[in-house]
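Inspection log for the structure reproduced underneath, given as structure tokens.
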Amino acid sequence: MGYFKHESAYIDEGAIIGNDTKIWHFSHIMTGCEIGEGCNIGQNVVISPNVVLGKNVKIQNNVSVYTGVVCEDDVFLGPSMVFTNVINPRSHVNRKSEYMTTILRKGSSVGANATIVCGNEIGEYALIGAGAVITKPVPAYALVVGNPARHIGWVSRYGHRLHFDEDGFATCPETNEKYCLHNGNVSLVK
């Protein structure tokens, strides 16, 4: 066992957990999920069957990651944020065959108490503000806030607001990495 599990956490047989991952108090890791190396699963977290988490995913306290969710490497899920996996849930209707896929691309971050409605893709390094409600796909490097979430700007890989010049270029104040805004899409200039 190359990972840490708090004594109050429960891990079902058949879960795959990478080395150096930490699973904290009262969390439940269900069968069939795959958790990459170096992840941190906070207190009172549920990882449902067939969820896939890449390397270095950080999940804060009180998050349920439902079947259909895929988080690539370096994703951050803030405290008490919410996923859904069925678009029209009803207690008396079994819709387990209708679970929708939600993908969070590399380096994206979701703020505390945000909600991601199923079936949407969150672009790489996108930043979702606390309390936002995501009802449509979010582009890479986008900064979105509100209910429903609206796009208010762009951020660097390090989470700093980008201010583009008249030629469509911006620089991250922390790393000096250059970014280009072209046709409504942001990319890192290599």
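The values are calculated or read from the model by the stated rules, or taken from the named source; none is laboratory data. This one's a predicted model, so the numbers in the text were calculated from it and none came from an experiment. Note that each Cβ is placed from the backbone with ideal geometry, even for glycine, and that neighbours are counted across all protein chains shown.
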Could you go through the range 121-138 and let me know if any residue there is under 18 Å from Y66 (Cβ atoms), in a helix (DSSP H, G or I) and of a type outside the set (V, I, T).
no
All but one of (1) in a loop (DSSP other than H, G, I, E, B); (2) among the aromatic types (F, W, Y); (3) surrounded by 17 or more Cβ atoms within 10 Å (Cβ to Cβ) hold for F164, so report the exception by its number.
(3)
Determine, yes or no, whether G123 is more than 22 Å from D74 (Cβ to Cβ) and either surrounded by fewer than 21 Cβ atoms within 10 Å (Cβ to Cβ) or among the polar types (S, T, N, Q) (or both).
no
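Rundown of residues vs (1) more than 13 Å from the chain's Cα centre (by Cα); (2) small (G, A, S); (3) modelled with pLDDT of 95 or more, yes/no style:
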site: R90; (1), (2), (3): yes, no, yes
site: K96; (1), (2), (3): yes, no, no
site: I103; (1), (2), (3): no, no, yes
site: G111; (1), (2), (3): no, yes, yes
site: I128; (1), (2), (3): no, no, yes
site: Y141; (1), (2), (3): yes, no, yes
site: P148; (1), (2), (3): yes, no, yes
site: R161; (1), (2), (3): yes, no, yes
Candidates S27, S91, filtered to the one that is surrounded by 18 or more Cβ atoms within 10 Å (Cβ to Cβ) and of a type in the set (S, T, N, Q)
S27
Search result, residues across the range 128-157 that are crowded, with 17+ Cβ neighbours inside 10 Å, among the hydroxyl-bearing types (S, T, Y) and within 18 Å of T102 (Cβ to Cβ):
none
Go through the range 1-22 and count every residue that is part of a loop (DSSP other than H, G, I, E, B) and surrounded by 13 or more Cβ atoms within 10 Å (Cβ to Cβ).
8
